[in-house]
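Peer 1: To start, I am sharing the structure in question, which I have written as structure tokens.
The values are calculated or read from the model by the stated rules, or taken from the named source; none is laboratory data. Just so you know, these numbers come straight off a predicted model, no measurement behind them. Cβ coordinates were reconstructed from backbone atoms using ideal geometry, including for glycine residues, and neighbour counts include every protein chain displayed.
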There are 2 protein chains.
Amino acid sequence: MKIAVLGTGVVGRTLAGKLATLGHSVTMGSRHAANPAALERAALAGPPARAATFAEAASDGELVINATGGAVSLGVLQSAGAHNLSGKVLIDVGNPLDFSAGFPPSLSVHNTDSLAETIQRTFPETLVVKALNTMRADLMVDPDRLAGGDHDVFLAGNDSAAKELVSGILREFGWRPEHIRDLGPLEAARGLEMWMPLWLRLYALQGNRMFNIKVVSD
Amino acid sequence: MKIAVLGTGVVGRTLAGKLATLGHSVTMGSRHAANPAALERAALAGPPARAATFAEAASDGELVINATGGAVSLGVLQSAGAHNLSGKVLIDVGNPLDFSAGFPPSLSVHNTDSLAETIQRTFPETLVVKALNTMRADLMVDPDRLAGGDHDVFLAGNDSAAKELVSGILREFGWRPEHIRDLGPLEAARGLEMWMPLWLRLYALQGNRMFNIKVVSD
């Protein structure tokens, strides 16, 4: 599948690298396609990944992944262009972290709204699915590296077919179906983003980020 | 130990009943000690539990538990009286749920503040510890009824001795030490209260509340 990964930070590189390894045709979008860092990062992601601008990547992709920080996501997606996102599934991995008052960050959107819903309202022709924002990048693409994969990933979105597509990508990453939890409509992204403050405390407590949560039920 | 449980809803009754069973001297506080519902609820909590006003209960207790809804907690604690709470450990089990726009509720305090911190600021002579707000009442007092107790409870607070006291109560409830996770200062209560939106989605997804989370780490 032709997949555009917007953002060349750790999350974007990790997702692009895994997707390329899985045989997808990956384009990594950044502000300036030809900047040395973007080219280097695309190279690190593996041979099938190439560097492009946000707009070129989004235009080329059948599926688009927002792997940018929540503070810049809307601007990045506007650079990508609404027409390049229209009718496509967009996986929003971002968290609306606000570091303006230091660490730990607060959330710039919360409680009665979320980054994912903001993106959906701004790009109504795009099928936004929130997923994967609840853990560190290397767990997203390789759940088995922690506790044999016995922990959970969540998704939320308003379109069932879009969520099924995303669920398929998660299964390709190695997530077993019983650990992929569909929380319902995109409004549920509020809970997924508001999980961050607890995640950040656990990170401080653990001293590392190699952890995730599992929902335990009867 | 002499323990005051403020609030006679499901959470208050469940906590009072278990604490009485464990041999503690429990007083359940409500707005009017002599109202039939309060008397009936104290009776349900077991013979050692008695009904009193918020102020009488708090005055009598060496440890105080706020088991009221977050929307009324501050008013209840003001009725209990700052002098009756001074120097004592207060376990805050409340969640600042705002049902004014229907279900699911939003949070009335969030992101850069929490109910627990609000209580701490209002009663600076009280040692507030946030705990147990992340699950249904019958799991709080009997973790083994789900997955053999293999799931987690969290606490947060600014006083180490107060947290050790609360940790002891949790162990009496049946929580094993490795599942009692101290998240640090009371500010971490933000994450514990902001967990509610995700809990509520999981509740809707599961169709029941017999679940909890476990932090999975290496």
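Peer 1: Could you list, in sequence order, the residues of the range A:116-144 that are within 14 Å of chain B (Cβ to nearest Cβ) and more than 17 Å from the chain's Cα centre (by Cα)?
Peer 2: Residue satisfying the conditions is A:ASP144 alone.
Peer 1: Search the range A:178-218 for residues being more than 7 Å from chain B (Cβ to nearest Cβ) and more than 19 Å from the chain's Cα centre (by Cα), and hand back the single one that is surrounded by the most Cβ atoms within 10 Å (Cβ to Cβ).
Peer 2: Applying the filter and picking the extreme gives A:TYR203.
Peer 1: For the range B:148-155, indicate whether the set of residues that are part of a helix (DSSP H, G or I) and farther than 23 Å from A:ARG209 by Cβ is non-empty.
Peer 2: Within the range B:148-155 (the criterion being part of a helix (DSSP H, G or I) and farther than 23 Å from A:ARG209 by Cβ), the answer is yes, since at least one residue qualifies.
Peer 1: Take B:ALA147 and tell me if it is of a type outside the set (S, T, N, Q), surrounded by fewer than 17 Cβ atoms within 10 Å (Cβ to Cβ), closer than 30 Å to A:PRO185 by Cβ and at the interface with chain A (Cβ under 8 Å from one of its Cβ atoms).
Peer 2: yes
Peer 1: A further question follows. Which residue out of B:SER30, B:SER114 is at pLDDT below 95 and in contact with a helix residue (DSSP H, G or I) (Cβ under 6 Å, 6 or more places away or on another chain)?
Peer 2: Within the list B:SER30, B:SER114, the selection yields B:SER30.
Peer 1: Continuing with this model, one more query. Evaluate the following for A:ALA161: is it within 11 Å of chain B (Cβ to nearest Cβ) and surrounded by fewer than 18 Cβ atoms within 10 Å (Cβ to Cβ)?
Peer 2: no
Peer 1: Oh, and also: For the range B:100-108, check the following and say yes or no: at least one residue is in contact with a Phe, Trp or Tyr (Cβ under 6 Å, 6 or more places away or on another chain) and buried (at least 16 other Cβ atoms within 10 Å of the Cβ).
Peer 2: yes
Peer 1: Out of B:VAL153, B:VAL215, report the one residue that is β-branched (Val, Ile, Thr), touching a Leu at 6+ places or on another chain (Cβ under 8 Å), under 30 Å from B:ASN84 (Cα atoms) and at pLDDT 95 or above.
Peer 2: Result: B:VAL153 is the single residue among B:VAL153, B:VAL215 that is β-branched (Val, Ile, Thr), touching a Leu at 6+ places or on another chain (Cβ under 8 Å), under 30 Å from B:ASN84 (Cα atoms) and at pLDDT 95 or above.
Residue-by-condition table, conditions (1) within 14 Å of A:GLY61 (Cβ to Cβ); (2) part of a loop (DSSP other than H, G, I, E, B); (3) among the polar types (S, T, N, Q); (4) modelled with pLDDT under 95:
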| site | (1), (2), (3), (4) |
| --- | --- |
| A:THR8 | no, yes, yes, yes |
| A:ARG13 | no, no, no, yes |
| A:LYS18 | no, no, no, no |
| A:VAL26 | yes, no, no, no |
| A:ALA34 | no, yes, no, yes |
| A:ALA37 | no, no, no, yes |
| A:GLU40 | no, no, no, yes |
| A:ALA43 | no, no, no, yes |
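Peer 1: A further question on this structure: Hey, can you tell me all the residues within the range A:80-115 that are of a type in the set (D, E, K, R), within 13 Å of chain B (Cβ to nearest Cβ) and part of a loop (DSSP other than H, G, I, E, B)?
Peer 2: A:ASP113
Peer 1: Okay, next question. Evaluate the following for A:LEU63: is it out of contact with any strand residue (DSSP E or B) (no Cβ under 7 Å at 6 or more places or on another chain), over 23 Å from A:ARG201 (Cα atoms) and surrounded by 17 or more Cβ atoms within 10 Å (Cβ to Cβ)?
Peer 2: Taking the combined requirement at face value, the residue does not satisfy it.
Peer 1: Continuing with this model, one more query. I'd like to know if the range B:184-206 contains one or more residues that are assigned to a strand (DSSP E or B), more than 22 Å from A:ASN111 (Cβ to Cβ) and at pLDDT 95 or above.
Peer 2: no
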